[in-house]
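Structure, as structure tokens:
The values are calculated or read from the model by the stated rules, or taken from the named source; none is laboratory data. Note that the structure is predicted; figures quoted are calculated from it, not measured. Note: ideal-geometry Cβ built from the backbone for every residue, glycine included; neighbour counts use all protein chains shown. These area figures cover heavy atoms from the full protein model, side chains too; ligands, DNA and RNA do not enter into them. Shrake-Rupley method; radii C 1.70, N 1.55, O 1.52, S 1.80 Å.
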Amino acid sequence: MLKVVFKFVFLSFLLIACACSKEELNTIGGNTAPIDSTISNNTKINYINKIYIKLLDRKADSTEFNSALSLLNENPGSQSKRKGVLNLVIANSEYSHVLWKNIRGLLLDGHDTTDINSVYTDLKDDWSTATGASKEALEYEWKRMEFILNGAEKLSSETMTWEELQEAACNNYIYDDINMGSENFVVSVFQSLLNRYPTIEELESSKDMINGRSAVLFLQPGSTKDDFLDIFFSTRSYYEGQVALLFNDNIFRSPTSSELILYTNYYIENDNYESLLLEILSSPVYFN
């Protein structure tokens, strides 16, 4: 009899336990993480102001600001929502003009579109009346200048990528005039885009290529200025340099080793500067 009672009590306990467990599962299922209420309104306002100044070189007007804030308010702690706000900004036609301005500021000593057009026109006018070797040399120069005409429109229409336009900005009459001589040219490219001086071996190999001699740079052979630039802009060092520039310009410090690896890999895998830019500007470290 005692055994029967014990079995009855034990079975009753199991039934109650199972019922409780079932109720707990039902109450937990389907829950979603709440919106982070600790993010202040000032943080959101500062973020919108920062990205408009960064990407459009101006503050948002009232309509733009309200649209951005409305989207950000949905969940400011979400990186995807912050990317949504960034996509609102880069949809503006002014965005490609600011990108091109950044390239000109970094590589062309701030020469504006008017300066570029003027140099191109002068070269072509001189070419039209030149003869012999002089005519051939002038044709080489104005054809190089063509690549950097209407840079903003080329970025907007995707006729040229960010990387291609940067390379063209290093390969024209204006850049050569600013950085005369093969050594100055090489040093400028390394310092502007990698934020460092070339090693002795890199400097000598680069100079050899630019001066028409066969050499090896970053394990790749070449023998012309075009080879030097093609090699330089295809290396991991170049992509690391772009990540470092974005960190220094926006987060005001160099990336850590792990950040450099993470974002460089992201850049190479996506092969898209804009994607990298949005990834960094939507990151928690930039937002906060």
*Kindly establish whether Asp208 is touching a strand residue (DSSP E or B) at 6+ places or on another chain (Cβ under 7 Å) and either open to solvent by 30 Å² or more (accessible area, probe 1.4 Å) or outside any helix (DSSP H, G or I) (or both).*
yes
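This table checks each residue for (1) open to solvent by less than 60 Å² (accessible area, probe 1.4 Å); (2) under 21 Å from Ser275 (Cβ atoms).
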| site | (1), (2) |
| --- | --- |
| Ser78 | yes, yes |
| Asn87 | no, yes |
| Asn92 | yes, yes |
| Tyr95 | yes, yes |
| Trp100 | yes, yes |
| Asp109 | no, no |
| Thr114 | no, no |
| Thr121 | no, no |
| Asp126 | no, no |
*Scanning segment 97-152 for residues that are aromatic (Phe, Trp, Tyr) and part of a helix (DSSP H, G or I), which turns out farthest from Ile53 (Cα to Cα)?*
Trp127
*Enumeration of residues in segment 148-168 that are open to solvent by less than 20 Å² (accessible area, probe 1.4 Å) and under 15 Å from Val98 (Cα atoms)*: Ile148, Gly151, Ala152, Leu165, Gln166
*Determine whether Glu269 is out of contact with any helix residue (DSSP H, G or I) (no Cβ under 7 Å at 6 or more places or on another chain) and either outside any strand (DSSP E or B) or at pLDDT 95 or above (or both).*
yes
_Tally up the residues in segment 145-167 that are over 16 Å from Tyr95 (Cβ atoms) and either in contact with a Leu (Cβ under 9 Å, 6 or more places away or on another chain) or of a type in the set (Asp, Glu) (or both), please._
8
*Go through segment 169-205 and count every residue that is of a type outside the set (Asp, Glu), open to solvent by 50 Å² or more (accessible area, probe 1.4 Å), within 15 Å of Ser237 (Cβ to Cβ) and in a helix (DSSP H, G or I).*
1
